[in-house]
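These notes concern the structure reproduced below.
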Amino acid sequence: MGMTMTQKILAAHAGLESVEAGQLIEADLDLVLGNDITSPVAIKEMDKMKVSGVFDKDKIALVPDHFVPNKDIKSAEHCKCVREFAYRNEITNYFEVGEMGIEHALLPEKGLTVAGDVIIGADSHTCTYGALGAFSTGVGSTDMAAGMATGKAWFKVPSAIRFNLVGKPSEWVSGKDVILHIIGMIGVDGALYKSMEFVGEGIKNLTMDDRFTIANMAIEAGGKNGIFPVDELAAAYMKEHSAREFKVYEADADAVYDEEYTIDLSALRPTVAFPHLPENTKTIDEITEDIRIDQVVIGSCTNGRLDDLRTAARVLKDRHVAKGMRCIIIPATQAIYMQAMEEGLLKIFLQAGAVVSTPTCGPCLGGYMGILAEGERCVSTTNRNFVGRMGHVKSEIYLASPAVAAASAVTGKISCPCRL
């Protein structure tokens, strides 16, 4: 019986010729990731283990990004804990304010994630790196602690769902619309503890930023991971950003999948996830009523990359944010921020009446930089719209692409740029 792409990577890292779904394995890790919320818990667990140092100071990444720059005393204490641990253990990949970014945009940019890797991170959206052909998944802080100490982790080998992508997306349709369509189709538990494996000729019509977005939200369908094959575009990205060698794995022709779906990208329309689950999707054509909004957020580990900012600027250029509307734009890394500045995107945002923040997760998890009050509505390019996710339990979050978010900021209601 053949293996899927994910199963091949796990088998190699477990030192096994083959694995099958449901099998328990211990695998070597190429990278262990933590942030300012999850790392302090892991550090305390490591203290309990009484281990002397970390397994490899070059294979741990600590990225304070959730409440950074510190929003209050508690967040400052968390970052101090991480900072002192990083210095004490001489962690190579510790990123302080001024060089940090949102972790899942920063690590690929820094060349720390490449094809064939096994990566764990104490953050659920660690599945992002599957866009590069890596197996990456979120874990708890205790697993992070064990990973930092031993360089190994236990996994139950996941079964898989195959998504065959065909066709070419139309204007204003992006990776965010693709993954929202899929989650709307299979549900938030439709891929529970399964590998979401994306294949097909349509992949060539998706940018790397599109692929990062799709892989990032695999967890929102319950997926253990999301993964793309390594094509010329992915290889070029890794060669540009990383000095590390990468290994390409391909699924066997007789690999077994629990389900298979074909997604015609040309048939997709801009899609919005209504409160309070990412599966509550409607296309822009299905939204017949005016849904007035109070705030727009464009950013996050899902949609704070350069393509996203360029799309938002294209919509906002020579237009203005609606009166009474708050539009918050957050570049995902310092490098993205710099490039956006050099391209004049920041000027477009400011002239349109938006505000631009330093890289941070900020409002995505109800942290800061855009908390919602009772009854307020937000169109956000983030990844979750659970009750109370961005603030008050009686606020509402509508998940959308940067194009829809920017158009909504202009009109003050959920809108598509095709109708501006």
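Among 215-225, 6-16, sorting by the average number of other beta carbon atoms lying within 10 angstrom of each residue, highest first, gives 215-225, 6-16.
So which aspartates and glutamates can Lys194 reach, going by Cα to Cα under 14 Å and dropping same-chain residues fewer than 8 places off? Counting by Cα, and skipping residues close in sequence, Lys194 has these aspartates and glutamates nearby: Glu20, Glu220, Asp258, Glu259, Glu260. Averaged over residues, the count of other Cβ atoms within 10 Å places the peptides 365-377, 142-154 in the sequence 142-154, 365-377, highest first. The mean accessible area for residues of the chain, using a 1.4 Å probe and ignoring ligands and nucleic acids, is 38 Å² per residue. Largest GNM mean-square fluctuation among Ile179, Ile329, Ile291, using the chain with Cα springs under 10 Å: Ile291.
Summary of the geometry: the stretch 118-188 and the stretch 372-398, compared by the centres of their Cα atoms, lie 23 Å apart. Backbone geometry of the stretch 408-419 corresponds, through the Karplus equation with coefficients 6.51, -1.76 and 1.60 at θ = phi - 60°, to 3J(HN,Hα) couplings of 5, 5, 6, 8, x, 8, 4, 9, 10, x, 5, 10 Hz, x marking Gly and Pro. With Cα atoms as the point set, the radius of gyration and Dmax of the stretch 120-183 evaluate to 15.7, 48 Å. Under a Gaussian network description of the chain, with springs only between Cα atoms under 10 Å, the residue in Asn303, Asn383, Asn280 that fluctuates furthest is Asn280. Judged by the mean number of other Cβ atoms found within 10 Å, the most tightly packed of the peptides 257-266, 389-398 leads the ranking 389-398, 257-266. By the Cα gyration tensor, the stretch 1-154 has an equivalent ellipsoid whose semi-axes, rounded to whole angstrom, run 28, 17, 12 from largest to smallest. Here the relative contact order of the stretch 258-346, from alpha carbon pairs under 8 Å that lie six or more residues apart, stands at 25 percent.
Solvent-accessible area assigned to carbon and sulfur over the chain amounts to 50 percent, based on a 1.4 Å probe. So what J values fall out for the stretch 314-323 if you push phi through Karplus, 6.51 cos²θ - 1.76 cosθ + 1.60 with θ = phi - 60°, rounded to Hz, Gly and Pro as x? Listing the rounded values in order: 4, 6, 7, 4, 6, 10, 9, 4, 4, 4 Hz. Check the straight Cα-Cα distances from Lys347 and name the aspartates and glutamates below 17 Å, setting aside those fewer than 8 residues away within the same chain. Hits, sequence-local ones excluded: Asp307, Asp308, Asp318. Among the listed pairs Lys44/Lys80; Lys59/Lys239; Lys44/Lys156, those with a Cα-Cα distance over 23 Å are Lys44/Lys156. The Cβ shell under 12 Å around Val248 holds other residues with a net charge of -3, Lys and Arg each +1, Asp and Glu each -1.
Set the Cα radius of gyration of the stretch 204-288 against 2.2 N^0.38 Å, with N its number of residues, and you get 1.36. Charges were assigned to the Cβ only: +1 to each Lys and Arg, -1 to each Asp and Glu. The resulting dipole of the stretch 257-352 about its Cα centre is roughly 780 debye. Taken one residue at a time, the phi angles of the stretch 142-155 give Karplus couplings (6.51, -1.76, 1.60, θ = phi - 60°) of 5, 5, 4, 4, 4, x, 5, 7, 10, x, 9, 8, 8, 9 Hz. Gly and Pro are set to x.
Taking amide H as placed 1.01 Å from N in the peptide plane, Glu396 has its amide H under 5 Å from the amide H of Glu376, Arg377, Cys378, each at least 5 places away in sequence or on another chain. Checking every one of the trypsin sites (Lys or Arg not before Pro) in the stretch 12-78 against DSSP loop status and a limit of 13 other Cβ atoms within 10 Å picks out Lys50. All C-alpha pair distances within the stretch 273-420, sorted into 5 Å bins from zero, spread as 2, 11, 22, 25, 21, 13, 5, 1 percent across the bins. Distances between placed amide hydrogens fall under 5 Å for Thr281 paired with Phe274, all partners being 5 or more residues away or on another chain. The accessible area of Ser300, taken with all protein chains in place and a 1.4 Å probe, comes to roughly 10 Å². With a/c under 1.5 counting as rounded, go ahead and sort the stretch 83-147 into rounded, prolate or oblate using the C-alpha gyration tensor (a ≥ b ≥ c being the square roots of the eigenvalues; past the cut-off, prolate if a/b is larger than b/c, else oblate). It is oblate, given that a/c is not under 1.5 and a/b is not larger than b/c. Under 5 Å between amide hydrogens, built in the peptide plane, is the criterion, and for Gly200 it picks out Leu165 among residues at least 5 positions away or on other chains.
The values are calculated or read from the model by the stated rules, or taken from the named source; none is laboratory data. Treat the numbers as computed from the prediction; the structure is a model and nothing was measured. Using ideal geometry, Cβ is built from the backbone for each residue, glycine included, and neighbour counts are taken over all protein chains shown. Ligands, DNA and RNA are excluded from the accessible area calculation, which covers all protein heavy atoms including side chains. Shrake-Rupley method; radii C 1.70, N 1.55, O 1.52, S 1.80 Å.
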